[in-house]
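Quick notes on the structure that follows.
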Amino acid sequence: MTDRMRKYAIDFFTGHIGPANSKEKLSAFLRKHSGKLCPHVEGVTYDVEIRGLVEAEPGIFHGVFAKIRKDELPHAGKAGHPDRDLGLAQDEGLVDKNHFVYYEQNELLVMQANRHAGTAVALGKYLTDIHGQLAVSFNPVLQPDATRRLMREDLTPVQIETSFARPTNPDLYPDDDWSPGLLDMLSQLGGGNVKLSVTADRKRAAEGADKLTDRARRVAQAFRQIPNVRKVKINMEDDEGIIYPIDLIADRLKVKIEISVSGRYPNEAGMFKALKGAKNDQLDNLQQIFGIPGANLN
């Protein structure tokens with residue numbers, strides 16, 4: 001097959017390990033596994049593992065998050081001809097991959113968006129499993145303006161709206177203390193599509209009673225991690241009653257890259273180079289978000 005150009009979507013996240021006040025850094029945990037064979041985690045229908053994890057440069061890690069599908073494998077074939085078995089060995093499956101680059105600076109994850117291989121939620125659950133003690137999670141990085149609105153202490157959440165198709169795979173649930181119960185309830189009810197709106201009670205007279213708790217910010221971020229989410233919006237209000245809307249889907253930091261592909265799959269070296277290039281293209285935005293000189297992000 002001849003070389004051709006192919007586009008890929010790239011997402012940005014910040015990595016966290018343990019509770020909010022934890023001093024442990026995910027980059028330190030990755031460094032312990034760098035250059036080693038990472039363990040695989042077995043599931044009923046697929047296994048997951050990180051392949052080729054290395055600290056390619058000081059504070060910069062390369063890796064491939066791989067999902068090996070073992071169940072309901074497709075057949076090969078072409079139009080007008082009978083299909084055939086793929087001829088895989090008994091212990092083999094189909095491999096889907098997400099390439100990623102992780103930066104110790106700001107604990108920044110730059111990840112290829114390949115839903116077939118898994119999301120940042122699935123990567124966090126895998127890292128949680130191999131850590132064995134502390135939970136690992138990834139929060140999407142928002143555009144600078146949205147980040148400023150979300151983090152402003154003088155703004156209070158007053159409404160959250162979201163809609164999504166209910167995930168049928170519990171492994172895709174966000175790693176928090178509320179979503180598994182909510183989604184399990186929807187499963188018992190037979191719900192497939194979810195539309196949810198949580199609004200502050202403005203009729204209550206007690207001071208602060210017309211506000212949602214500040215935890216709403218984290219809840220809204222967790223909704224963003226649910227696969228097939230169509231809308232996640234949070235409205236923030238200042239002391240004068242002015243509303244500042246934040247769209248956690250449209251306002252997230254994301255880019256498209258285009259690289260040369262030989263055959264059906266991208267070259268790993270080329271993909272890592274493109275991921276780093278995508279991050280470097282966002283230096284101005286990252287400087288605004290993290291508040292550090294752009295030169296330190298190289």
- Message: Would you confirm whether or not region 17-27 contains a residue that is out of contact with any Gly (no Cβ under 9 Å at 6 or more places or on another chain), assigned to a strand (DSSP E or B) and either in contact (Cβ under 8 Å) with a residue 12 or more places away in the chain or open to solvent by 40 Å² or more (accessible area, probe 1.4 Å) (or both)?
- Response: yes
- If we scan region 116-129, do we find a residue that is at pLDDT 95 or above, open to solvent by 40 Å² or more (accessible area, probe 1.4 Å) and farther than 22 Å from residue 259 by Cα? no
- Which residues, counting only those in region 70-83, are within 31 Å of the chain's Cα centre (by Cα) and open to solvent by 80 Å² or more (accessible area, probe 1.4 Å)? 70, 72, 75
- Message: Restricting to region 31-77, give me the number of residues that are modelled with pLDDT of 90 or more, part of a loop (DSSP other than H, G, I, E, B) and among the small types (Gly, Ala, Ser).
- Response: 3
- Note on the structure: Taking region 286-298 and the residues there that are open to solvent by 40 Å² or more (accessible area, probe 1.4 Å) and part of a helix (DSSP H, G or I), the one that is modelled with the lowest pLDDT would be 295
- Message: So in region 92-115, with the set limited to residues that are modelled with pLDDT under 95 and part of a loop (DSSP other than H, G, I, E, B), which one is surrounded by the most Cβ atoms within 10 Å (Cβ to Cβ)?
- Response: 93
- Query: Is there any pair linking a residue in region 137-165 that is closer than 23 Å to residue 119 by Cα to one that is part of a loop (DSSP other than H, G, I, E, B) and open to solvent by less than 50 Å² (accessible area, probe 1.4 Å), with Cβ under 6 Å and at least six apart or on different chains, and which?
  - Reply: 141/253; 142/251; 143/251; 143/253; 146/251; 164/226
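The values are calculated or read from the model by the stated rules, or taken from the named source; none is laboratory data. Keep in mind that this is a model prediction, so the values were computed, not measured. Ideal geometry is used to build each Cβ from the backbone, glycine not excepted, and the neighbour counts take in all protein chains shown. In case anyone asks, the SASA skips ligands and DNA or RNA and just uses the protein heavy atoms, side chains included. Shrake-Rupley method; radii C 1.70, N 1.55, O 1.52, S 1.80 Å.
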